[in-house]
């Protein structure tokens, strides 16, 4: 009996390839359908999602035309009804599926790239936050709990972070706690970061969040975008430090993190331990050795707590003198260095050529008034630094540590 050898490419194998090709094309078509914009309200015949994307691009370039201003005005007149439109625009640009698509697209074969559109991030979480504040205003507050339940981490990030930089704060401390404590367990590191930053902004009033902040210290730094690192544990440490002595139960967990390979986390942890315990013995050596390793724009995280220690931080003087002559340091960093030297050892500061700002004494009442009315933590820190530089005694009477 003659046995015919199998062909190199039998019909069954060809059919299998055709089926697989059909499945791939079906998936591609489905993906294309998912990323297409759906029908929605618009202005002058154009969907608001497109207006928002174009507005974001024009606004960032400083070339905003009259028509786009009018479109945003029309959107604002919708009040709370504008919220789903803004959120949809965000989801059209930033979602787990779209992030994966954006990451995968460069690796696709050329013929598939001709079918699928090149991914672009035309409307970011920052854009959504700005538009919600500008267009919707305080109407958004009633919708925050629902937005925080979204499956899309970008939406949750906007919900928890959009009012962080709104002053005066539209939420009470109790509302901040109620919203932020659950977010400290969020799987997305940016949501945890924003929640911790919000809790840091209310200081000791966030004491009920200490257990969750301790757990957040162990969270991942990985962002949802490939190659992006988010300092969520760093922010948790900063929040614990702002709470102060009421966060004493966090000291063991913080101390364990002093061996971390992340220098920024070690600095935040050391600063937190100082602010909680008022004991410089653990924190000061870390701040002295690790502070110079920081990027110049972040050195304030190490220098400010050293200055707060006053004469107890004399072993930091050599490090501070080196920083004083470091040409890479920014002007604000140098101001912190001079303030720290004055607080630790006025004589050493004078020898180093540091001048004391007594000529600005007449400005002290205005600075104190501004300090009492300002709610922005970064602004308060700078005002406090200026007061300490001008008159340490007046700064102390004003409650500046």
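The values are calculated or read from the model by the stated rules, or taken from the named source; none is laboratory data. Fair warning: this is a prediction, and the values are worked out from it, not measured in the lab. Positions of Cβ are generated from backbone atoms using ideal geometry, with glycine treated the same way; all protein chains shown enter the neighbour counts.
If only residues of the range 79-116 that are part of a loop (DSSP other than H, G, I, E, B) and buried (at least 17 other Cβ atoms within 10 Å of the Cβ) are counted, the one that is modelled with the lowest pLDDT is 95.
Take residue 388 and decide whether it is in contact with a helix residue (DSSP H, G or I) (Cβ under 8 Å, 6 or more places away or on another chain), in a helix (DSSP H, G or I), farther than 28 Å from residue 169 by Cα and at pLDDT below 90. If you could, list the steps in order and put the result at the bottom.
Details: in contact with a helix residue (DSSP H, G or I) (Cβ under 8 Å, 6 or more places away or on another chain): yes; in a helix (DSSP H, G or I): yes; farther than 28 Å from residue 169 by Cα: no; at pLDDT below 90: yes.
In short, no.
Of the helices (runs of 4 or more DSSP H) lying entirely inside the range 1-78, the ones with 2 or more residues being at pLDDT 80 or above are found at 48-61, 66-76.
Looking only at the range 167-198, which residues are crowded, with 16+ Cβ neighbours inside 10 Å and not in a helix (DSSP H, G or I)? Across the range 167-198, the qualifying residues are 169, 171, 184, 186, 188. Residues in the range 89-101 that are farther than 17 Å from residue 148 by Cβ and without any contact (Cβ under 8 Å) to a residue 60 or more places away in the chain: 89, 92, 93, 100.
Per the listing 271, 249, the residue uniquely exposed (fewer than 14 other Cβ atoms within 10 Å of the Cβ) and modelled with pLDDT of 95 or more is 249. Take residue 146 and tell me if it is in contact (Cβ under 8 Å) with a residue 60 or more places away in the chain and either not assigned by TED's automatic domain parsing to the domain that holds residue 236 or not in a loop (DSSP other than H, G, I, E, B) (or both). Against the criterion (in contact (Cβ under 8 Å) with a residue 60 or more places away in the chain and either not assigned by TED's automatic domain parsing to the domain that holds residue 236 or not in a loop (DSSP other than H, G, I, E, B) (or both)), residue 146 does not qualify. Reported count of residues in the range 120-143, each being buried (at least 16 other Cβ atoms within 10 Å of the Cβ) and in a loop (DSSP other than H, G, I, E, B), is 3.
What do you reckon, is residue 160 without any contact (Cβ under 8 Å) to a residue 40 or more places away in the chain and in the same structural domain as residue 76 (by TED's automatic domain parsing)?
Working: without any contact (Cβ under 8 Å) to a residue 40 or more places away in the chain: yes; in the same structural domain as residue 76 (by TED's automatic domain parsing): yes.
For residue 160, the condition - without any contact (Cβ under 8 Å) to a residue 40 or more places away in the chain and in the same structural domain as residue 76 (by TED's automatic domain parsing) - is met.
Taken as a whole, the structure leaves residue 205 outside the set of residues that are surrounded by fewer than 17 Cβ atoms within 10 Å (Cβ to Cβ) and part of a helix (DSSP H, G or I). Here residue 281 clears all of (1) outside any helix (DSSP H, G or I); (2) free of Cβ contacts under 8 Å to residues at least 40 places away in the same chain except the condition numbered (1).
Only one of the numbered conditions (1) surrounded by fewer than 22 Cβ atoms within 10 Å (Cβ to Cβ); (2) more than 23 Å from the chain's Cα centre (by Cα); (3) under 17 Å from residue 384 (Cα atoms) is not met by residue 306, and that is (1).
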